[in-house]
Amino acid sequence: MYIVFLGAPGAGKGTQAATVAQELKLVHIASGDLFRQAIEQGTELGLRAKSYMERGILVPDSISIGMVLGRISAPDCEGGVILDGFPRNLKQAEALDEILAKQAKTIDRAVYILVSERELLMRLSRRWICRNCQTPYHTINSPPKVWGKCDRCGGELYQRPDDTVDKAKKRLEVYLNETAPLIDYYAGAGKLLEVDGEGSIDEVSWRIITALGKGEFIAR
Ligand code: AP5
Ligand code: MG
Ligand code: ZN
């Protein structure tokens with residue numbers, strides 16, 4: 001199964017994709033995590049992406065598309081994937097459809113996680129992520145067991161430089177202009193599942209898994 005997770009910055013794509021991927025035995029591919037790992041490792045890819053990410057704008061398609069399509073074509077993705085943060089615009093969605101079609105595959109579902117703007121900003125300003133494995137935490141909603149350390153790998157937690165109020169607002173603006181049109185793109189293809197992203201993390205996971213199980217499409 002090939003699933004795309006759509007939603008604004010802070011909607012819970014990373015949090016939910018990790019859980020749902022584990023539950024459905026899919027590979028979780030997060031474009032933002034791939035870029036942040038490259039920055040941590042000081043690779044050429046990281047150097048190219050850094051200045052765009054710091055400004056809260058999209059990394060050019062010429063860089064992003066190759067990176068994600070390369071990853072999705074790896075042998076471990078044969079059983080299906082959840083894409084988190086990709087596609088981010090129409091060009092990326094078309095490139096994705098094209099490469100999957102060449103492998104006789106298709107995107108089965110697009111899960112759109114809907115959260116109010118006020119809640120998004122509250123989530124982002126209190127998010128901490130693991131420098132090593134990228135797991136997101138929240139000072140109130142999902143704190144780590146030991147402050148400053150990742151529950152999964154013991155890695156150091158830090159606040160993303162693009163999670164300041166100004167940068168988060170910029171990312172939201174970019175999302176509304178460039179990514180939100182994908183909601184109609186997937187609705188038009190009959191693949192959209194709209195899920196209420198507010199409530200506890202477990203409640204939202206349950207809603208997503210139930211919606212995917214039932215395959216109830218939202219008529220828009
Ligand atoms: P990316 O890393 O993809 O960031 P984003 O889309 O802005 O989304 P976030 O990661 O901020 O939010 P999320 O939905 O994953 O929320 P999370 O689960 O962490 O992209 C960053 C940058 O990389 C971009 O600006 C761009 O420059 C570049 N980039 C990436 N992909 C690209 C592409 N395809 N093309 C071009 N450029 C690209 O949750 C947020 C917080 O809320 C956490 O603290 C979490 O613990 C908490 N939380 C989650 N769920 C709940 C809940 N139900 N209740 C309460 N708190 C919750
Ligand atoms: Mg994320
Ligand atoms: Zn970790």
- Pick from the stretch 1-18, criterion modelled with pLDDT of 95 or more and away from ligand 1 (no atom under 14 Å from the Cβ), ranking: surrounded by the fewest Cβ atoms within 10 Å (Cβ to Cβ): TYR2
- State whether one or more residues within the stretch 98-121 are within 10 Å of ligand 1 (Cβ to nearest atom), open to solvent by 40 Å² or more (accessible area, probe 1.4 Å) and either without any contact (Cβ under 8 Å) to a residue 12 or more places away in the chain or not acidic (Asp, Glu) (or both). no
- Out of curiosity, is LYS149 among the basic types (Lys, Arg) and within 28 Å of GLY56 (Cβ to Cβ)? yes
- Note on the structure: Of the candidates LEU83, LEU58, LEU47, the one satisfying the condition of being hydrophobic (A, V, I, L, M, F, W, C), part of a helix (DSSP H, G or I) and under 24 Å from ARG171 (Cα atoms) is LEU47
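Here are some residues: ALA21, ALA30. Which one is in contact with a strand residue (DSSP E or B) (Cβ under 8 Å, 6 or more places away or on another chain), crowded, with 17+ Cβ neighbours inside 10 Å and more than 28 Å from VAL165 (Cα to Cα)? Can you show your working first?
On the way: ALA30 fails: more than 28 Å from VAL165 (Cα to Cα).
Being in contact with a strand residue (DSSP E or B) (Cβ under 8 Å, 6 or more places away or on another chain), crowded, with 17+ Cβ neighbours inside 10 Å and more than 28 Å from VAL165 (Cα to Cα) holds for just one of ALA21, ALA30, which is ALA21.
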- Only one of ILE183, ILE208 is touching a helix residue (DSSP H, G or I) at 6+ places or on another chain (Cβ under 8 Å), closer than 21 Å to ILE29 by Cα and at pLDDT 95 or above, namely ILE208
- Message: Take the conditions touching a Gly at 6+ places or on another chain (Cβ under 6 Å), aliphatic (A, V, I, L, M) and assigned by TED's automatic domain parsing to the domain that holds ALA93 and apply them to ILE39. Does it pass?
- Response: yes
- Task: Output the residues belonging to the stretch 70-88 that are open to solvent by 20 Å² or more (accessible area, probe 1.4 Å), over 11 Å from TYR2 (Cβ atoms) and in contact (Cβ under 8 Å) with a residue 24 or more places away in the chain.
- Result: ARG71, SER73, ASP76, ARG88
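The values are calculated or read from the model by the stated rules, or taken from the named source; none is laboratory data. This is a predicted model, so every value here is computed, not measured. A quick note on method: Cβ atoms are made from the backbone with ideal geometry, for glycine too, and the neighbour counts reach across all protein chains shown. Ligands, DNA and RNA are stripped out before the accessible areas are found, and what is left, the full protein with its side chains, is counted by its heavy atoms. Shrake-Rupley method; radii C 1.70, N 1.55, O 1.52, S 1.80 Å.
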